[in-house]
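Step one of this worksheet: look at the structure below.
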Amino acid sequence: MKYGLVLEGGAMRGMFTVGVLDVFMENNIWLDGAVGVSAGAAFGCNYKSKQKGRAIRYNKRFCNDKRFCSWSSLIKTGDMFGAEFCYHTIPSSLDVFDGEVYKNNPMEFYVVCTDVNTGKAVYHVSRSAEYNELEWVRASASMPLASRIVHAGGRELLDGGVTDSIPLRFMEYRGYEKNVLILTQPRDYVKPHSKSEKLVSLYYKKYPNLVKAYCSRPEVYNQQLEYVRKAEADGRAFVIAPETKLPVGHIEHDPNVLEKVYNLGISAGEKYLGEVRKFIGK
């Protein structure tokens, strides 16, 4: 039986996911494959490279660096999270990503992106940490309005959360019969429509399929949560989620807030560690 890991996005809510994954790594909890969406991809790749502590470390270190995330970066480059700095400079020289371990780890790691022309999810298996592969991770985390469209694999791509925020069905389709899910919203969360829908409709009017996907995201997301609940009731899924709304927004410049959300993830990981071991038979 193959065991999978599903990592929801949520920008800096992803520090919760980082905390859970660091507990997994510290306790040798390794799944056979994983899929990450948006921040779930950007931070979750450290699980495949077996680098406990890296994601919280560099986020705290650079959260006040304008090259990392700022309105000035958005104005100057079109990316609120600096494309070159975040996805290439940091992992290559400032807080080195272990590409060798990542490449040699047989665990499959998928990233979810959205094709802006079709309005459909694209699933890419990332096998290395080479420049072009990291562009797929960047694409997965490139939020509409806050990022430029990313070109990778001959496609034009944006945030995977637009089309498949919780890709449990995808992992089951890939043969992962049991999956651990790390969500970044409480279990009872109901996704509402966003005030940004009108602006997205205007800004991306050349991409009607993207606009349609963006505006229908709440219904799709809430249906996915129902599917997750059923899978959990059937014993096919194990869910770890914050007990209450996480005290952090999409952007966060206070390292203490990042640490607080990370520690909530640590606490959740430790709380459910025994149940996760039982679920995956280890």
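Judged by the ratio a/c of the largest to the smallest principal axis of the C-alpha gyration tensor, segment 45-117 counts as oblate, that ratio being 1.5 or greater while a/b is no larger than b/c. Find the lysine pairs in segment 23-130 meeting two conditions, Cα atoms under 16 Å apart and a separation of 8 or more places or different chains, and report how many there are. Close lysine pairs under the 16 Å cut-off: 4. Each Cα pair under 8 Å and six or more residues apart adds its sequence gap; the mean of these over the residue count of segment 34-156 is a relative contact order of 31 percent.
Calculated [222 nm] ellipticity per residue, helices only, for the chain: -12500 deg cm²/dmol; basis is -39500 (n - 2.57) per DSSP H run with n ≥ 4, divided by all residues, nearest 500. Using a probe of 1.4 angstrom and keeping all protein chains present, the accessible surface of the chain works out to 45 square angstrom per residue. Stretch Lys191-Asn209 to full length: gain in nm at 0.36 nm per residue minus the Cα-Cα span? Taking Lys191 through Asn209 to full extension adds about 4.4 nm, to one decimal. Once both labels are positioned 7 Å from their Cα atoms along Cα-to-Cβ, the gap between Glu226 and His151 label points is 4.1 nm. When a/c is below 1.5 the answer is rounded, else prolate if a/b is larger than b/c, else oblate, so apply that to segment 224-282 with a ≥ b ≥ c taken from the square roots of the Cα gyration tensor eigenvalues. Oblate shape, in that a/c is at least 1.5 and b/c is the bigger or equal ratio.
Using a cut-off of 11 Å between beta-carbons, work out the net charge of the residues near Leu74 (Lys and Arg +1, Asp and Glu -1, Leu74 not included). Here the count lands on +2. According to the square roots a ≥ b ≥ c of the eigenvalues of the Cα gyration tensor, what is the shape class of segment 64-104, taking rounded for a/c under 1.5, prolate for a/b larger than b/c otherwise, and oblate for the remainder? It comes out prolate by the Cα gyration axes.
Computed from backbone phi with θ = phi - 60° and the Karplus coefficients 6.51, -1.76 and 1.60, the 3J(HN,Hα) list for segment 231-247 is 4, 5, 5, 7, x, 8, 9, 10, 10, 10, 9, x, 6, 9, 4, 5, x Hz; x is used for glycine and proline.
Using a cutoff of 8 angstrom between alpha carbon atoms and counting only pairs six or more residues apart, the relative contact order for the chain works out to 28 percent.
For the chain, the carbon plus sulfur part of the accessible surface works out to 52%, probe radius 1.4 Å.
Which residues in segment 116-138 place their backbone N less than 16 Å from a point set 7 Å from the Cα of Asn104 along the Cα-to-Cβ direction? Counting only backbone N, you get 128-129. Ordering 55-62, 170-177 by mean Cβ neighbour count within 10 Å, with the highest value first, yields 55-62, 170-177.
The values are calculated or read from the model by the stated rules, or taken from the named source; none is laboratory data. What you are looking at is a predicted structure, and each value in this text was computed from that prediction instead of being measured. Counting neighbours? That spans all protein chains shown, and the Cβs are built from the backbone with ideal geometry, glycine included. Each accessible area value is taken on the protein alone, full model and side chains, heavy atoms only, with ligands, DNA and RNA left out. Shrake-Rupley method; radii C 1.70, N 1.55, O 1.52, S 1.80 Å.
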